[in-house]
Structure formats: C-alpha cells, structure tokens
Amino acid sequence: MTELRFTKDHEWVRLEGEVATVGITDHAQNALGDVVFVDLPELGREVAAGEACAVVESVKAASDVYAPVAGRVVETNARLAEDPGLVNREPTGEGWFFRIAPKDPAEVAGLMDAAAYAAFVESQS
Amino acid sequence: MAAQDQPPQDQPLQETPLAALHRALGARMVPFAGYAMPVQYPDGIMAEHLHCRAAAALFDVSHMGQAELVGDGAAAALERLTPADVQGLKPGRQRYGLLTTMAGGIFDDVMVANLGDRLHLVVNASRKEEDFALIEAALPAGVRLRRLPDRALVALQGPKAAEAVAPLAPDLGALSFLGVAETALGGIPALVSRSGYTGEDGFEISIPAERAEELARALLARPGVRPAGLGARDSLRLEAGLCLYGSDIDETTSPVEAALTWTIGKRRRMAWDFPGAERVREELANGARRLRVGLRPEGRQPARAGTPIQDGDTVVGEVTSGGFGPSLGGPMAMGYVARPHAADGTALTLLVRGRPLPARTVPLPFVPHRYAR
C-alpha cells in the first residue's frame with residue numbers, strides 16, 4: 001500500500017498506478033461527527049483540483065469535499081450509500097469516497113505527506 | 001472538506017457558569033447566541049441523542065434569559081405582549097407562549113411560570129435583551145422586571161430523569177408535566193419545572209450560578225445520566241416537532257402560520273386584545289397563506305434549512321429546520337408551504353443542491369412525545 005498524501009481541506013489521496021483514491025481524513029471525520037449521508041460525484045465527471053465534488057452530511061451539517069487533483073472520476077464507493085458510518089469507522093480504508101484518474105499523477109506527490117499534514121492540523125488547533 | 005455554512009465569529013463570547021465543567025468533560029465548544037456552548041461531548045451527537053431517549057441527558061441551557069415579573073398585575077401586564085392566557089395560569093404551573101408583534105409576527109417564544117407571588121420567565125438567548133426591553137417598556141407602575149443573570153439553567157431529559165433526581169429531591173416525582181416547584185436538590189435551592197425541549201419526560205432546573213457545577217456534577221453522578229450538547233438538543237427538538245426561534249419562527253411568521261394557535265388563550269381569542277390580533281383573527285377566519293409542516297424526504301439524504309420546497313417546478317415553500325433524526329433513523333425537516341400543499345401526505349419535492357428529492361408532508365412530531373402527564 002502506497003503512502004497517503006493530504007490536502008489543507010482534509011482530504012487524503014492514495015495513488016496506485018494511474019488511479020488516485022480519495023477520502024476524508026481521520027481528523028475530518030472526527031470533527032464532523034456521525035456521518036449520515038454521502039453525496040458522491042457522477043462517474044466520468046471531469047474535476048479540477050480544489051473543485052467541490054462530493055458532500056458529506058453529519059447529523060448537524062453538510063460539508064463539501066474537494067478533488068485533491070484534477071482528473072476524471074472513475075469510481076465511487078457504493079458501500080457508503082448503505083453504510084455511511086464507514087467514513088467514521090475506517091476513514092482512510094473502506095470509507096473512501098471516490099477514485100480519480102489524474103490528468104497528471106505527479107500532482108499527487110506535490111500534496112502534503114503525513115508529517116506535514118499532522119503539523120498543519122496542529123497549527124490549526 | 002469544508003463546512004457549507006460557517007457561523008460568523010466576530011465578538012468575544014460569553015461563558016455560562018458550567019464552562020469549566022464542559023471543558024473538563026471534553027466538550028467541543030462552539031459560538032451560539034453570543035455564548036461559547038458545548039455542541040457535543042466525546043460521545044458525539046448521535047450517541048448523546050439516543051442516550052437521551054433511552055436514559056437521561058443533562059444539558060446546559062444557562063445561556064437562556066431568565067427573569068421575574070413582580071408586583072400586582074404582573075400577569076395582566078405580560079398579556080399586553082402575548083396572546084397567551086397568563087392571568088389564568090394557576091400557581092405552580094408553567095405555560096408556553098409567544099410574544100407577538102403589532103403586525104402579528106412572533107417576537108419570541110417564552111416559558112412563563114406562576115410562582116404565586118411572581119412570574120418566572122425563560123426566553124431565548126438570542127432574544128433576551130430585546131425581550132426584556134420590550135417587556136420593561138410595557139410595564140405599568142407597580143410591576144417590575146427583575147433580570148436573573150446570576151442564575152444558571154440545566155435540563156435533565158429522558159425516561160430516567162425522574163429516577164435520577166429522586167434521591168436529590170423526593171418531592172419532584174409528584175410534579176406533573178408543566179408543573180413548577182421551588183425546592184432544593186441535594187441542598188441546592190432550585191426552581192424546577194417538569195418540562196423540556198426534547199419530547200421526553202424531564203426537568204428544567206434553575207439554580208444560583210455559583211452552585212451550578214455542584215448540581216451538574218451531582219446529576220452526572222446519578223446512574224444513567226450523561227452530558228449532551230446543543231447538537232443533540234437540536235436533533236431531539238426537531239424530532240419532537242418543536243420550533244427553534246430564528247429558524248422556524250420569527251417576526252415574519254404568525255402564530256397561525258406556525259401552527260401555534262393552541263398557545264392563544266380562549267379568553268384572548270374572544271377579546272382580541274393582544275399585539276397582532278388583527279392578523280391572527282383574519283388568518284383564523286380565512287386560513288393562513290402558508291403553514292408550518294413536517295416533511296420526510298425519501299432515502300437518507302437530509303434537506304437543510306433554506307432548501308426550496310416545490311410542487312413540480314413551482315416553489316411553494318422553504319425548509320426552516322432540517323437534518324437527520326437519530327431515533328427516527330432517517331432525514332426529517334420542518335418548513336412552511338403554501339396552504340394548498342399542507343395536508344398530511346402531500347407529495348412535494350425538495351431541491352437539494354439543485355437536484356429534486358421526493359418528500360411528503362407528515363404530522364408532527366416525528367417521534368411521539370413521552371411527557372409525564
């Protein structure tokens with residue numbers, strides 16, 4: 001399993017070959033609380049880096065999820081429809097949101113690594 | 001990821017007497033009506049909500065405004081501002097009422113208790129300054145508003161609430177729904193009413209600020225009692241079909257539109273001697289233009305406040321409160337719709353992020369009340 005990269009909007013990305021899997025971080029799911037619904041992007045949608053393309057709803061509020069890198073949505077996590085709590089239980093595993101075929105896979109490497117993200121979260125608190 | 005609606009945060013926040021306890025319990029504090037308030041504790045909103053319906057939850061509601069009306073004619077004086085029957089409220093009883101505007105809107109909603117020699121008022125945190133100024137301006141000589149900024153207010157709610165307070169105040173078991181008693185809880189002088197904002201049995205307990213933490217700790221030490229924050233308070237009250245001032249009711253909504261006609265006293269409806277009586281009378285005679293209804297969206301997706309409500313492509317209303325009901329196990333909303341669409345079971349469409357979400361109007365509450373009658 002390859003290393004996770006992170007955004008300042010609290011998404012994580014795992015690049016495997018030509019496909020980047022995206023979800024929200026453990027910090028993000030903890031801040032949101034119990035997830036009750038996830039609105040996922042349509043397959044084939046072309047997204048720009050930083051474009052809002054999914055919505056995660058907790059009991060209390062709705063939050064946008066952004067595409068960490070530009071590309072085309074090639075898969076969404078169907079399990080979240082039946083079990084949105086996966087986002088809370090396994091945020092960086094089975095609770096992933098969608099997969100993107102990045103325009104430029106090298107863009108992923110430009111995101112924060114785990115240590116940089118931890119420092120970023122620390123600086124925000 | 002970023003929240004879609006961020007509350008503005010410009011002024012320094014006030015704290016309640018329980019602020020230190022909230023932090024000690026690991027609460028996440030958020031700004032609400034000018035106060036730093038616990039939105040949730042480590043259990044989380046879902047667990048806190050479900051615990052309240054299963055056992056008992058303790059809420060800090062000290063941000064709300066408390067005051068007393070003292071002097072001969074206090075009840076009659078308050079009736080200048082509300083269509084509620086205050087003069088007919090018996091000693092030892094509490095009543096929910098609305099302050100109305102001359103135009104027939106709702107200035108605030110209040111709890112009024114008759115303590116025999118005075119009235120006790122609880123008003124919304126976001127409205128307390130406006131309410132107290134309005135009341136003071138309406139008082140005749142001999143009636144005085146005494147603000148109670150040095151009192152805290154906690155709510156113990158849930159089917160195990162009565163059991164939890166029993167050893168601290170044995171007399172409270174005899175209190176019926178909307179009864180009030182000046183008593184002591186574990187030696188702390190308290191004004192207790194059997195009421196709440198969750199649809200469950202429970203108590204609202206007013207105590208001197210300096211003893212609030214002592215009482216809260218005593219209640220939290222009772223079996224089955226867990227702390228709950230504003231997040232659970234909001235989902236509980238919405239399941240119970242109860243209005244939130246500023247969201248579901250405000251100066252633009254009338255008591256009739258808000259389906260709160262029951263708060264208007266019978267005598268008041270003969271005399272029509274309250275602010276806004278003209279509009280209320282007209283709406284009762286001819287029907288209000290729009291009505292507050294409950295809505296159940298299909299599926300699991302919540303529709304939040306501000307969501308347009310449509311009949312086909314025509315906008316017929318707007319959601320004023322919406323979210324996910326943990327006890328209901330699905331999304332729920334309240335909102336106003338044009339009267340022809342208000343009948344129970346009417347099929348409507350909610351426009352969520354530009355996409356139509358099928359919904360139906362349903363009777364309120366979403367979850368049955370379980371008050372101690």
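The values are calculated or read from the model by the stated rules, or taken from the named source; none is laboratory data. Keep in mind that what you see is a predicted model, and the values were worked out from it rather than measured. So basically every Cβ, Gly included, is an ideal-geometry build from the backbone, and we count neighbours across all protein chains shown. Side chains included, ligands, DNA and RNA excluded: accessible areas come from the protein's heavy atoms. Shrake-Rupley method; radii C 1.70, N 1.55, O 1.52, S 1.80 Å.
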**Q.** From the options B:Val39, B:Val86, B:Val70, B:Val110, residue that is under 19 Å from B:Val225 (Cα atoms), among the β-branched types (Val, Ile, Thr) and modelled with pLDDT of 95 or more
**A.** B:Val39
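Restricting the search to segment B:185-213, which residues are of a type in the set (Asp, Glu) and open to solvent by 50 Å² or more (accessible area, probe 1.4 Å)? So that I can check it myself, show each step before the final result.
Looking only at segment B:185-213, we keep the residues that are of a type in the set (Asp, Glu), and these are B:200-201, B:204, B:210, B:213.
Correct list: B:Glu210, B:Glu213.
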**Q.** Within segment A:1-118, strands (runs of 3 or more DSSP E) holding 2 or more residues that are touching a helix residue (DSSP H, G or I) at 6+ places or on another chain (Cβ under 9 Å) and farther than 30 Å from B:Pro326 by Cα
**A.** A:4-6, A:11-16
Q) Based on what the data block shows, is B:Val293 within 14 Å of chain A (Cβ to nearest Cβ), in a strand (DSSP E or B) and open to solvent by less than 60 Å² (accessible area, probe 1.4 Å)? A) no
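Is it the case that B:Arg233 is assigned to a helix (DSSP H, G or I) and open to solvent by 60 Å² or more (accessible area, probe 1.4 Å)?
Numbers: assigned to a helix (DSSP H, G or I): yes; open to solvent by 60 Å² or more (accessible area, probe 1.4 Å): no.
Here the answer is no, as B:Arg233 does not meet what is asked.
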Q. Looking at (1) more than 10 Å from chain B (Cβ to nearest Cβ); (2) open to solvent by 40 Å² or more (accessible area, probe 1.4 Å), which is the one condition that is false for A:Thr21?
A. (2)
Q) Any idea which of (1) in a loop (DSSP other than H, G, I, E, B); (2) touching a strand residue (DSSP E or B) at 6+ places or on another chain (Cβ under 9 Å); (3) among the aliphatic types (A, V, I, L, M) is the one B:Ala288 doesn't satisfy? A) (2)
(Q) Taking the criterion of being within 13 Å of chain A (Cβ to nearest Cβ) and over 22 Å from the mean Cα position of the chain (by Cα), would at least one residue in segment B:16-26 satisfy it? (A) yes
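From the residues in segment B:199-238 that are more than 21 Å from B:Phe32 (Cα to Cα) and of a type in the set (Asp, Glu), which one is nearest to the other protein chains (Cβ to nearest Cβ)?
Initially, segment B:199-238 is screened for residues more than 21 Å from B:Phe32 (Cα to Cα), giving B:199-203, B:207-208, B:210-211, B:214-215, B:217-226.
From the residues that got through so far, the ones that are of a type in the set (Asp, Glu) too are B:200-201, B:210, B:214.
Details: B:Glu200: 18, B:Asp201: 23, B:Glu210: 32, B:Glu214: 30 Å.
Residue satisfying both the conditions and the ranking: B:Glu200.
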Q: Can you give me the number of residues within segment B:263-283 that are under 30 Å from B:Thr349 (Cβ atoms) and of a type in the set (A, V, I, L, M, F, W, C)?
A: 0
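Counting only residues that are at positive phi and open to solvent by less than 10 Å² (accessible area, probe 1.4 Å), how many does segment B:242-284 have? Reasoning before the result, please.
Restricting attention to segment B:242-284, the residues satisfying the condition of being at positive phi are B:246, B:259, B:272, B:276.
Okay, now just the ones that are also open to solvent by less than 10 Å² (accessible area, probe 1.4 Å), so B:276.
Qualifying residue count, segment B:242-284: 1.
Could you pull out every one of the strands (runs of 3 or more DSSP E) wholly within segment B:1-89 that has 2 or more residues that are more than 20 Å from B:Met111 (Cα to Cα) and without any contact (Cβ under 8 Å) to a residue 40 or more places away in the chain?
Working: elements: B:28-32, B:35-40, B:56-60, B:65-70.
In segment B:1-89, B:28-32 are the strands (runs of 3 or more DSSP E) which contain 2 or more residues that are more than 20 Å from B:Met111 (Cα to Cα) and without any contact (Cβ under 8 Å) to a residue 40 or more places away in the chain.
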Q.
So in segment A:34-61, with the set limited to residues that are more than 16 Å from the chain's Cα centre (by Cα) and within 7 Å of another protein chain (Cβ to nearest Cβ), which one is surrounded by the most Cβ atoms within 10 Å (Cβ to Cβ)?
A. A:Lys60
**Q.** Positions within segment A:62-86 being more than 9 Å from chain B (Cβ to nearest Cβ), within 24 Å of A:Gly110 (Cβ to Cβ) and without any contact (Cβ under 8 Å) to a residue 60 or more places away in the chain, in sequence order
**A.** A:Ala67, A:Val69, A:Ala70, A:Gly71, A:Arg72, A:Val73, A:Val74, A:Glu75
**Q.** Residues located in segment B:225-245, provided they are in contact with a helix residue (DSSP H, G or I) (Cβ under 6 Å, 6 or more places away or on another chain), over 21 Å from B:Val362 (Cα atoms) and among the small types (Gly, Ala, Ser)
**A.** B:Ala228, B:Gly231, B:Ala232
Q) Hey, A:Thr7 hits all of (1) within 12 Å of another protein chain (Cβ to nearest Cβ); (2) closer than 27 Å to B:Ala303 by Cα; (3) out of contact with any Gly (no Cβ under 6 Å at 6 or more places or on another chain) but one; which does it fall short on? A) (2)
**Q.** Residue count for segment B:297-314, restricted to those that are in contact (Cβ under 8 Å) with a residue 24 or more places away in the chain and more than 11 Å from every other protein chain (Cβ to nearest Cβ)
**A.** 6
Q. Only one residue in B:Glu182, B:Glu130 is open to solvent by 30 Å² or more (accessible area, probe 1.4 Å) and either small (Gly, Ala, Ser) or not in a strand (DSSP E or B) (or both). Which one?
A. B:Glu130
Q: List every residue pair whose Cβ atoms lie under 9 Å apart, where the two residues are 6 or more positions apart in sequence or sit on different chains, the first residue falls within segment B:92-119 and is surrounded by fewer than 20 Cβ atoms within 10 Å (Cβ to Cβ), and the second residue, located anywhere, is among the acidic types (Asp, Glu) and part of a strand (DSSP E or B).
A: B:Tyr96/B:Asp109; B:Leu115/B:Glu68; B:Leu115/B:Glu182; B:Gly116/B:Glu182; B:Arg118/B:Glu68
Q) Looking at (1) under 18 Å from the mean Cα position of the chain (by Cα); (2) surrounded by fewer than 23 Cβ atoms within 10 Å (Cβ to Cβ), which is the only condition B:Leu175 fails? A) (1)
Q.
On the basis of being part of a helix (DSSP H, G or I) and open to solvent by less than 10 Å² (accessible area, probe 1.4 Å), does B:Ala216 make the cut?
A. yes
